[in-house]
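One structure is given here, and the rest of the page talks about it.
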């Protein structure tokens, strides 16, 4: 089962139903978000966030647990993702597979996903059926059944998922190895899906303990966006979720990385069509003002066909087939700013790496011009606003902010970007995008041994497993 562009967390999760949930007016169209969101905390500690939107007779019902791979330990990596799979295996009231079948029979769709920082579940359906996910989600929050009979086959499914999506994907392997090199203290060191040896060692008791610790009202958020009245929906939620024992919200504090004192380099030799160069720099997140300067740098480097890296490396010098930059603004702990490029056939990794270094040095040396800076800000703002054109994504972005900080921070995004000056861009590039703060990964293609065409690398720093 199942971040996105930063402005629109997780864009590839819901292509199948995004169009159906498309609305005419984004969040910023009428009033500030803070003026239209309702927040309530039940007596058991469950936070309920409601956003009425009456543009279409639909609702997106979401339950987010503040647990992801960062909450795991050595030898138990991937437990959060494994538990996500098991959440569909039934309770004493709902049989295995019946959850999704019930949603589908009522014209909706559902899914779930796990990241470094959270595990989320959602149902999108007609507004007059909102009581169905209320009952189903409260039932599995309070009474999930975890049995050997259901667990062992699903563990094999997860192991196969790792083989297909990571072990057989050169880009995923590159990202996984870069994270392991870049993070030596923080639990962002290990992959969301977990190491294969850890998956093979899971037991039902491991999952039961993880469920008891993290799947409690005090560690969860229920978020609903759509065509409802708070006065009607909130009592339904209170009746369904209120009786569940609140539990204790686990300590979310984790050790931070010590400042990196020199460049780290790794090489991954894997069957692939193209070489890839990737560079990852430790950076602050939304809790620091520099996070917004790094957002602007991301846009300057790779937002659109006229961005610096695309124009220079792809079109003019034809060194790279694709380029991308990504700033992990929405993370609970400080994360990475990543630049990657697939090397054009006939060119070398060294050539691409030198070209990337030249563009970074240009950011550190020259002030970006007013017109280019304004264009980057406009791109960020428009992407941020238009990404919220669906009920699902309105809920998604609110919940993501709530899990990593507070949903109220969402109102700071556009002003934060708008406040970035040319000097801020240069200063942030000089401070963070330096060799001593960098982990460089090179994907070195090797010939296929089975006669099948090797996969393209397609590296990405998205830490979502569905």
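The values are calculated or read from the model by the stated rules, or taken from the named source; none is laboratory data. The structure presented is a predicted model; accordingly, all values stated were derived computationally and were not measured. Please note: Cβ atoms are built from the backbone with ideal geometry, for glycine as well, and neighbour counts cover all protein chains shown.
Can you tell me which residue is farthest from residue 259 (Cα to Cα) among those in the range 298-317 that are surrounded by 22 or more Cβ atoms within 10 Å (Cβ to Cβ) and touching a strand residue (DSSP E or B) at 6+ places or on another chain (Cβ under 7 Å)?
313
Give the residue, chosen from 154, 149, 104, 137, that is assigned to a helix (DSSP H, G or I) and touching a strand residue (DSSP E or B) at 6+ places or on another chain (Cβ under 6 Å).
None of the other options fit; the residue is 137.
Kindly check whether there is at least one residue in the range 409-416 that is more than 20 Å from residue 385 (Cα to Cα) and surrounded by 15 or more Cβ atoms within 10 Å (Cβ to Cβ). Give the steps one after another, and end with the answer.
Here is the first cut: in the range 409-416, the ones more than 20 Å from residue 385 (Cα to Cα) are none.
There is no residue in the range 409-416 that is more than 20 Å from residue 385 (Cα to Cα) and surrounded by 15 or more Cβ atoms within 10 Å (Cβ to Cβ).
Please work out which one of (1) surrounded by fewer than 23 Cβ atoms within 10 Å (Cβ to Cβ); (2) farther than 30 Å from residue 403 by Cα; (3) modelled with pLDDT of 95 or more is the condition residue 282 fails and give its number.
(2)
For the range 443-463, indicate whether the set of residues that are modelled with pLDDT of 95 or more and crowded, with 21+ Cβ neighbours inside 10 Å is non-empty.
yes
Test residue 247 against the criterion of being exposed (fewer than 15 other Cβ atoms within 10 Å of the Cβ), in contact with a helix residue (DSSP H, G or I) (Cβ under 7 Å, 6 or more places away or on another chain) and more than 25 Å from residue 126 (Cβ to Cβ), and give yes or no.
no
If we scan the range 417-428, do we find a residue that is under 16 Å from residue 285 (Cβ atoms), assigned to a helix (DSSP H, G or I) and touching a strand residue (DSSP E or B) at 6+ places or on another chain (Cβ under 9 Å)?
Yes, because at least one residue in the range 417-428 is under 16 Å from residue 285 (Cβ atoms), assigned to a helix (DSSP H, G or I) and touching a strand residue (DSSP E or B) at 6+ places or on another chain (Cβ under 9 Å).
When the range 345-390 is examined, which residues are found to be part of a loop (DSSP other than H, G, I, E, B), over 19 Å from residue 295 (Cβ atoms) and in contact with a helix residue (DSSP H, G or I) (Cβ under 8 Å, 6 or more places away or on another chain)?
Of everything in the range 345-390, just one residue is part of a loop (DSSP other than H, G, I, E, B), over 19 Å from residue 295 (Cβ atoms) and in contact with a helix residue (DSSP H, G or I) (Cβ under 8 Å, 6 or more places away or on another chain), namely 366.
Could you check the range 182-203 and list, in sequence order, the residues that are part of a loop (DSSP other than H, G, I, E, B) and either in contact with a strand residue (DSSP E or B) (Cβ under 6 Å, 6 or more places away or on another chain) or closer than 15 Å to residue 80 by Cα (or both)?
Residues satisfying the conditions are 190, 191, 192, 193, 194, 195, 202, 203.
Of everything in the range 25-52 that's at pLDDT 95 or above, assigned to a loop (DSSP other than H, G, I, E, B) and on the phi < 0 side of the Ramachandran plot, which residue is nearest to the chain's Cα centre (by Cα)?
46
Among the residues of the range 226-235, are any within 24 Å of residue 88 (Cα to Cα) and touching a helix residue (DSSP H, G or I) at 6+ places or on another chain (Cβ under 7 Å)?
No - not one qualifying residue is present in the range 226-235.
Right, residue 403: touching a strand residue (DSSP E or B) at 6+ places or on another chain (Cβ under 7 Å), in a helix (DSSP H, G or I) and either outside the structural domain of residue 118 (by TED's automatic domain parsing) or modelled with pLDDT of 95 or more (or both) or not?
In short, yes.
Mind checking which residues of the range 293-321 are assigned to a helix (DSSP H, G or I), within 30 Å of residue 408 (Cα to Cα) and more than 18 Å from the chain's Cα centre (by Cα)?
Answer for the range 293-321, where residues must be assigned to a helix (DSSP H, G or I), within 30 Å of residue 408 (Cα to Cα) and more than 18 Å from the chain's Cα centre (by Cα): 293, 296, 297, 299, 300, 301, 302.
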